[in-house]
Amino acid sequence: MSERIDALRTEMNERIDQTNGRIDELGKQLDSRYARLMATLITCTGILVASLGTAVAVLK
């Protein structure tokens, strides 16, 4: 009986470790996607500001 409990604990700990590893991987993917999104937004903002600056200069 004790051996079975130990085996179940070991299996459960292994599954918890696997789950934690998967969560870490997903967290890294999310960080990467967020960084890409922020870079894209910054680029779009730069383009918008440059376009507005050009439009204002042309309209003066």
Pairing the Cα long axis of helix 2-59 with the longest principal axis of the chain, what angle in degrees results, from 0 to 90 and rounded to the nearest 10?
0
When Lys60, Lys28 are ordered from fewest to most other Cβ atoms inside 10 Å of their Cβ, what list results?
Lys60, Lys28
Sorting Leu52, Ser2, Leu37 by the position of each Cα along the dipole of the chain (Lys, Arg +1; Asp, Glu -1; all at Cβ), the one nearest the positive end of that ordering is Leu52
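As an exercise, find the ratio Rg/Rh for the chain from alpha-carbon atoms, using the Kirkwood inverse-distance average for Rh.
On the way: Rg = 25.9 Å, Rh = 15.9 Å.
Rg/Rh for the chain comes to 1.63.
Only the coordinates and a few stated rules stand behind these numbers; no lab work does. As the structure is a computational prediction, the values presented were derived from the model and not from experiment. Backbone-built Cβ (ideal geometry, glycine too); neighbour counts: all protein chains shown.
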